[in-house]
Amino acid sequence: MSIRKSIKSFILRNYLFTDDDSALSDTESLVHAGIVDSTGILELIVHVEEAWGIQVLAEEMVPDNFDSVDRVVDFISRKQQILV
Amino acid sequence: MDSSSTIVDNLRRSVERNPEGCAVSQSGFDLSYSKLWAQVMAVAGHLQGRGLACGDRVALVLKNSTAYIAAYYGALAAGGIVVALNASAKSPDLAQWIRHSGATWLFIDRDNDQSKTLLDCLDPRPCTVWVGASAATPTDCLQDFDAILAAAEMPTRSAPVGHDLASILYTSGTTGRPKGVLLRHANLLSNTNAIVDYLGLGRDDSSVTVLPFYYSYGNSVLNTHLSAGARISLADNLVYPQLLVQRLVDERSTGFAGVSSTYSLLLSRVRLADYDLSSLRYVTQAGGSMSPTLTQSLVAALPQCAIFVMYGQTEASARLCYLPPDRLLEKMGSVGVAVQDVRIEVRHDDGRKTNADEIGEVWARGPNVMVGYWRDPVATAATLQDDWLKTGDSGYQDQDGFLYLVGRRSDIIKAGAHRIHPADVERVIAEVPGVEEVAVVGVDDEVLGQAVKAFVVATPGVSLDLMGIRAHARSQLSSYKVPKYLELVASLPKTSSGKVRRGELINMGAPKHEA
């Protein structure tokens, strides 16, 4: 499964409780749309760490890296390049 | 204490002492005490000019903002009773509270996605003030907050006094009778002054706050800081804890207020030792117990900081007890001693005082204790007895009089900063076709303290879609009420009279869900 598909599925199932792909656009702000709160974002970060074997540093926990599907996908891709 | 004084007088005195000092900071914009006072007077003048009478209810459905603060103090200065409502609530809850309070005025954020459905179901509609960017033409009953500030009308009637009613804070949702805690100015003032005193707050203090003002704890942070002439800096939320800590550093904050989960979140992802928090002289914790392990982690992470563990209830304006920081390690697990002018007793079910170290119900008496529940004499009589507040909390006092809490006697779930009545969640889940029965309890949660868990019994022959149940709950409830865990069970444990044994459900093992 691609990173995008996996991340989107995780958010849809855990925060919106649906499999309907159209319920969330890839650019939508997860915070402003009320999809994740402070504990939700931590669950997302833990999922990213566990599923892709990367470590999210404190300074990386910013909206630029986690506030939309697109941003999370970009972040994981960048981290994977560093790992390689 | 001057019996004629109010928290509006406290604010006015702060304005007189330091008019150009910063009262509120939001999104990089500083509002001075004199400018805040001008806004407060403009709101009060507008309300009085359009017929607000002393004791009329003014509902606020506003996120933390300078507008919230101006509307709150403005409504109080006009003689109104502020009904501060949860800005993240859904329209059925909001409508129920507004109807029950009889609010004739409503201040609401223009970007609140519930505003249209809320106003559509209110008849009669309260006079509504939109807060935030506005394109609509104001009418008699549809007004614009910025226009009110620009008009700068001055109030013409005398200000309220201590005995006047000031605030209704709702502690429950739509199921059953809404419980609106009714407070006088004198209640708020006495508690505000007591907190200012033990925290040692002054005009050199500043605090970044994430607590919503529509809750008792956040309301007390607001009132104490503005009474002390201190500075409040508004932060959106705790979603990115590292950004919050950076803000504490950048603003040289002297204080911070949080609930247990706030500190759990901060400590789990941020190495506080990497930040220069030398200006932070104290932090406070209330809104549910904090484990000794978490307390010790906080002490280790903030060695320069006085840590105030506190206990209170909305029914007590906010605060009942605090643990002096110099006794924190010695009395680990305690919520401390009564705040100024408050008495705490632990009693048996028959009302007799317990001995030291003996568990009973916590009772409290003092000038901070509410008048009662708005329009609910039955609930009031059950909670207030001979001027004593029955808190519903179980605990004991040690030989030195320090209070330790051991549990709640009510079913209220405390998840993070939120209070959740199981019945509110049960009503919504029961709407799902195929749900025969449901019971909701709070289960232990490492971060939130408690998390919402629903036990669901399916109608025979029906296969329930658990994710569908959560989706329905999300569509009908505020997000913090949506069960984190769902479990299908064959039946619910009940007493012989048919009442669900919630304690048994809580003890039924680790939380789990299959959604």
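Coordinate-derived values only; no laboratory data. Bear in mind that the values here come from a model prediction, so they are computed numbers and not experimental data. For neighbour counting, all protein chains shown are included, and Cβ atoms are generated from backbone atoms with ideal geometry for every residue, glycine included.
Please find the FRET efficiency linking A:Ala51 to B:Ser394, where r is the Cβ-Cβ separation and R0 is fixed at 45 Å, and quote it to the nearest 0.05. It would help to have the intermediate numbers written out before the result.
Numbers: r = 42 Å, r/R0 = 0.94.
E(calc), rounded to 0.05, equals 0.60.
At a 10 Å Cβ-Cβ cut-off, how would you order A:Val31, B:Val378, fewest neighbours first?
Ascending number of Cβ neighbours within 10 Å: B:Val378, A:Val31.
For B:232-241, what's the mean count of beta carbons from other chains sitting within 10 Å of each residue's beta carbon?
Taking the mean over all residues of the peptide, I get 4.
Quick check: pseudo-label points 7 Å beyond the Cα along Cα→Cβ at B:Asp123 and A:Gln80, how many nm apart are they?
5.7 nm
If you build the Cα gyration tensor of the stretch B:238-408 and take the root of 5 times each eigenvalue, what three semi-axes come out, in whole angstrom, biggest first? Walk me through the numbers before you get to the answer.
Numbers: eigenvalues 221, 64, 33 Å².
Values for the stretch B:238-408, descending: 33, 18, 13 Å.
Looking only at the stretch B:7-184, where both bridge partners belong to it, what percent of the DSSP beta bridges are antiparallel (to the nearest 5)?
Expressed as a percentage, antiparallel bridges in the stretch B:7-184 total about 35.
Between B:Leu142 and B:Ser279, what length in nm is gained on full extension when 0.36 nm per residue of separation is reduced by their alpha carbon distance?
Length difference between fully extended and current span is 44.8 nm.
Order B:59-67, B:158-166, B:436-444 from most to least packed using the mean count of other Cβ atoms within 10 Å. Before the final figure, lay out each step's value.
Numbers: B:59-67: 23.1, B:158-166: 17.8, B:436-444: 20.6.
Most protected by this proxy first, the peptides run B:59-67, B:436-444, B:158-166.
Report, to one decimal in Å, the Kirkwood hydrodynamic radius for the stretch B:1-46 based on all distinct Cα pairs.
Hydrodynamic radius (Kirkwood, Cα pairs) of the stretch B:1-46 is 11.4 Å.
Jot down the radius of gyration and Dmax of the stretch B:34-116, Cα atoms only, both in angstrom.
Both quantities, over Cα of the stretch B:34-116: 12.4, 38 Å.
Can you tell me the 0 to 90 degree angle between the C-alpha axis of helix A:69-83 and the longest principal axis of chain A, rounded to 10?
20 degrees
Treat the stretch B:7-184 as a sphere of radius equal to its Kirkwood radius over Cα pairs and apply Stokes-Einstein at 37 °C in a medium of 0.692 mPa s; give the translational diffusion coefficient in µm²/s, rounded to a whole number.
Values: Rh = 16.4 Å.
This corresponds to a translational diffusion coefficient of 200 µm²/s.
Considering only chain B, what is the antiparallel percent among its DSSP beta bridges, to the nearest 5?
Just about 55 percent of them are antiparallel.
What are the principal axis extents of the Cα atoms in the stretch B:413-506, in Å, biggest first?
Rounded to whole Å, the extents work out to 38, 32, 20 Å.
With axes computed from alpha carbons, what is the tilt in degrees of helix A:38-52 against the longest principal axis of chain A, rounded to the nearest 10 within 0 to 90?
Roughly 50 degrees between the two axes.
For B:Asp357 and B:Val489, what is the calculated FRET efficiency with R₀ set at 45 Å and r taken between the beta-carbons, to the nearest 0.05? Present the calculation step by step, with values, prior to reporting the outcome.
Values: r = 38 Å, r/R0 = 0.84.
It comes to 0.75.
Note the full-extension length gain between B:Ser497 and B:Asp387 as 0.36 nm times their separation in residues minus their Cα-Cα distance, in nm to one decimal.
Gain on extension, B:Ser497 to B:Asp387, equals 36.3 nm.
P(r) of the stretch B:304-390 in 10 Å steps, Cα pairs, percent per bin?
17, 42, 31, 9, 1
After finding the eigenvalues of the alpha carbon gyration tensor for the stretch A:3-83, what semi-axes result from the square roots of 5 times each, listed largest first in whole Å?
The answer is 19, 13, 11 Å, longest axis first.
Given the Cα atoms of chain B, and with Rh set as the inverse mean 1/r over their pairs in the Kirkwood sense, what is Rg to Rh to two decimals? Please list the in-between numbers first.
Numbers: Rg = 22.8 Å, Rh = 23.8 Å.
Value, to two decimals: 0.96.
Between the stretch B:447-479 and the stretch B:264-339, what's the alpha-carbon centroid distance in Å?
Here the answer is 34 Å between Cα centres.
Let's see if you can work this out: charge +1 on each Lys and Arg Cβ, -1 on each Asp and Glu Cβ, no other charges. What is the dipole magnitude of chain B about its Cα centre, in debye to the nearest 20? Before the final figure, lay out each step's value.
Details: 48 positive and 54 negative charges, 74 e Å.
Dipole magnitude for chain B comes out near 360 debye.
For a 29 Å ceiling on Cα separation, which of these pairs sit above it: B:Lys390/B:Lys481; B:Lys453/B:Lys494; B:Lys116/B:Lys481; A:Lys8/B:Lys494?
A:Lys8/B:Lys494, as the Cα separations exceed 29 Å there.
Suppose R0 equals 30 Å. What FRET efficiency, 1/(1 + (r/R0)^6) with r the Cβ-Cβ distance, do A:Ser2 and B:Ala133 give to the nearest 0.05?
Numbers: r = 39 Å, r/R0 = 1.30.
Calculated value: 0.15.
If the viscosity is 0.692 mPa s and the temperature 37 °C, what Stokes-Einstein diffusion coefficient in µm²/s follows for the protein assembly as shown when Rh is the Kirkwood radius over Cα pairs?
Once the numbers are plugged in, D ends up at 130 µm²/s.
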